[in-house]
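Engineer: Got a structure for you, written out below as structure tokens; questions coming shortly.
The values are calculated or read from the model by the stated rules, or taken from the named source; none is laboratory data. What you see is a predicted model, and the numbers here were worked out from it, not measured in a lab. Cβ: placed from backbone, ideal geometry, glycine included. Neighbour counts: every protein chain shown. Just the protein is used for accessible areas: all its heavy atoms, side chains included, with ligands, DNA and RNA removed. Shrake-Rupley method; radii C 1.70, N 1.55, O 1.52, S 1.80 Å.
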Amino acid sequence: MRSLTLSTELKKSKSKKNNHHYTDVHGLPCIEKIVTSVEETPEPIGTNIVGIIPEWISGSFLRNGPGKFEFGNQKFNHWFDGQALLHQYKITKGEVTYKSRFLSSTCYKGNAEHNRIMVSEFGTMATPDPCKTFFQRFLSKFEMPSVTDNGNVAFMLYKGDYYVSTETNFMHKVDPETLQSTQKVDWSKFIAVNGATAHPHTDPDGTTYNMGNSYSAKGAIYNIIRVPPNKDSPEDTLEGATVLCAIPCVDRGKPSYYHSFAMSENYVIFIEQPIKMNTLKIATGKLLGNTISDSIYWDPKLDTIFHLIHKKTGELSSVKYVTKAMSTFHQINAYEQDGFIIMDLCASDDGNAIKNFNIQNLRKSGEALDEVYNTMARAFPRRFVLPLNVDGETRLGVNLNTRPDSSATAMKINNNKVYCTHEDLHGDELHKYGGLEFPMINYKEYNTRPYRYYYGCGFRHMVGDTLIKMDIQDKTMKVWEQPGFYPSEPVFAPSPNATEEDDGVVMSVVITPNQDKSTFLLVLDAKTFEELGRAEVPVNIPYGFHGTFNAAE
């Protein structure tokens with residue numbers, strides 16, 4: 001084994017100016033096989049069980065992520081562009097079967113039929129049909145680009161049905177048993193939005209909240225979306241969806257990019273971060289050859305703004321909570337207590353990382369791979385404490401966070417602005433594991449409520465290479481790791497009749513790029529974080545994004 005040295009702090013200012021090196025890692029192993037195309041496995045196959053898969057686990061562990069990275073001689077440029085491959089690990093009485101299926105999206109079918117990239121993705125521009133005349137190809141640059149329906153990010157529930165999506169206006173309703181798309185659904189047919197995140201939040205009654213932008217001659221608007229919990233007919237999809245609140249962005253022509261948002265019992269919290277999208281550049285992308293990725297940039301001169309929207313009234317708080325420029329993709333949890341919103345999230349101080357995940361970067365080796373990793377800021381879990389009772393009588397210039405167990409601050413700096421600093425939601429030990437991302441909690445029981453534990457991946461590589469359990473109470477951690485193995489996002493499933501928060505299992509798919517056909521479903525005891533068992537799958541699987549556990553009824 002080659003040794004890795006991980007710096008826990010930014011290098012000195014001189015080094016920061018030179019390519020912004022955040023870490024000093026050497027000898028990272030090549031992981032190019034995690035972005036290598038695979039074949040689908042549409043019929044269930046058996047797995048080899050090592051250890052014990054508890055017999056009380058009954059249901060399907062569903063995963064989503066990219067699985068095909070080229071068509072013909074044309075290759076996708078960015079990890080986010082790979083075509084959606086849906087996975088099912090069906091667990092019954094201690095046994096596991098596996099199957100996978102490419103999402104039959106419009107773009108996938110068009111790409112496959114013509115054996116080339118027909119629809120532009122996040123980091124890849126589709127090229128004009130070579131069979132057209134030069135004049136036809138020239139005119140095609142002035143057409144509006146087709147919108148992808150490559151739903152490769154996550155599985156999510158609306159009205160009891162599973163959907164997969166990316167971040168455009170298209171989703172696919174999916175049968176979790178067959179993994180087949182049963183319907184393509186367009187958000188814009190129900191409400192005036194041009195997309196939605198792949199990370200909605202759900203209340204205990206099934207009401208679901210999400211976010212999506214709308215664009216007009218006056219610029220971009222952020223929309224908080226509410227989808228009712230029940231169907232009026234079996235064919236219902238997004239019927240009854242409404243825009244709960246519309247928020248104008250600070251710069252109407254340059255809205256912030258966001259991947260998710262936070263939610264407490266009574267509030268949706270939208271995080272307007274300084275990762276900006278140049279909408280003019282996006283609109284002229286086909287003409288000028290710019291992808292969406294080319295149109296996204298990081299502006300560290302801007303503050304990050306927390307917008308609070310009341311879920312029952314749709315009212316946007318006149319108080320803006322701001323903090324320094326930061327980048328966040330995934331939130332951990334948020335809840336209300338003693339007049340405060342406690343909001344926990346994973347964040348870094350640099351928003352350029354999204355561009356580092358070009359496929360060619362993930363396929364590098366040696367010093368070139370080390371260089372990519374070392375110029376990426378690590379994400380760490382942070383806690384913000386937002387005081388809700390801020391009005392004209394609230395004193396300026398004093399810390400409004402009166403919670404004795406918290407070092408976060410919140411200071412009113414004018415009549416409608418509170419400046420916040422965060423508290424680290426981890427101990428020093430996490431630094432040697434490269435920070436934490438893909439956070440997960442016991443969502444069903446503790447989302448929007450006080451909680452103690454969260455789970456995630458440590459990032460000593462471009463992708464997760466450890467699984468971590470964090471204890472908020474004393475900021476200690478438990479770790480699962482094996483050299484050369486790369487676990488995906490951990491998903492918690494509670495034990496039957498569980499009485500404690502961490503009474504259950506954590507499941508993760510572990511990718512083994514340097515071993516052929518040896519990927520496995522890992523099952524850990526959530527309390528002890530000891531391995532219970534694994535189900536070895538005799539096919540190759542790429543590294544994916546997000547998953548969920550669909551318990552059998």
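Engineer: Take the alpha carbon gyration tensor of segment 69-108, find the square roots of its eigenvalues, order them as a ≥ b ≥ c, and report rounded if a/c is under 1.5; if not, report prolate when a/b exceeds b/c, else oblate.
Structural biologist: Since a/c reaches 1.5 and a/b is larger than b/c, the shape of segment 69-108 is classed as prolate.
Engineer: If you don't mind, there's one more thing I want to ask. Can you work out the PRE-style zone for E530? Point 7 Å along Cα to Cβ, and I want the residues of segment 456-486 with backbone N under 16 Å.
Structural biologist: Residues passing the 16 Å test: 478-481.
Engineer: Could you order K444, K478 so the one with the most accessible surface comes first? Probe is 1.4 Å.
Structural biologist: K444, K478
Engineer: Report, ordered by chain and residue number, the lysines lying within cross-link reach of K75, taken as a straight Cα distance under 25 Å and ignoring same-chain residues fewer than 8 apart.
Structural biologist: K33, K109, K132, K141, K281, K286, K355, K364, K517
Engineer: Something else: Per residue, how much accessible surface does segment 151-308 expose to a 1.4 Å probe? Answer in Å², no decimals.
Structural biologist: Counting only protein heavy atoms, the per-residue value for segment 151-308 is 38 Å².
Engineer: Calculate, for N416 and D205, the FRET efficiency according to 1/(1 + (r/R0)^6) with r their C-beta to C-beta distance and R0 30 Å; round to the nearest 0.05.
Structural biologist: FRET efficiency, N416 to D205: 0.40.
Engineer: Please report, in cubic angstrom per residue, the volume enclosed by the convex hull of the alpha-carbon atoms of the chain.
Structural biologist: So the per-residue Cα hull volume is 158 Å³.
Engineer: Add +1 for every Lys or Arg and -1 for every Asp or Glu among the other residues with Cβ under 11 Å from the Cβ of F459, and state the total.
Structural biologist: Numbers: positive: R378, R460; negative: E437, D465.
Local net charge: 0.
Engineer: Ok, one more. What area, in nm² and to one decimal, does the C-alpha convex hull of segment 371-476 cast on average over all directions?
Structural biologist: 8.6 nm²
Engineer: Hey, another quick one. How large is ³J(HN,Hα) for each residue in segment 105-117, as worked out from phi by the Karplus curve 6.51 cos²θ - 1.76 cosθ + 1.60 (θ = phi - 60°), to whole Hz, x for Gly and Pro?
Structural biologist: 6, 4, 5, 4, 5, x, 4, 5, 5, 9, 6, 7, 7
Engineer: Provide the net charge surrounding I282, with neighbours chosen by a C-beta distance below 11 Å and charges set as Lys +1, Arg +1, Asp -1, Glu -1.
Structural biologist: Its environment carries a net charge of +2.
Engineer: Across segment 221-323, what fraction of all alpha-carbon pairs, as a whole percent, falls in each successive 10 Å bin from zero upward?
Structural biologist: 14, 36, 29, 18, 4
Engineer: Further question: Label E429 and Q183 with points 7 Å out from Cα along Cα→Cβ: what is the distance between them in nm?
Structural biologist: My value for the distance between the label points is 4.8 nm.
Engineer: Still on this model: Share of the chain's accessible area from carbon and sulfur, percent, 1.4 Å?
Structural biologist: Values: 11710 of 23410 Å².
Carbon and sulfur: 50 percent of the exposed surface of the chain.
Engineer: To continue, here is another question. For a distance above 14 Å, tell me the whole-number percent of Cα pairs in segment 37-97 that qualify.
Structural biologist: Tail of P(r) above 14 Å: 64 percent of Cα pairs.
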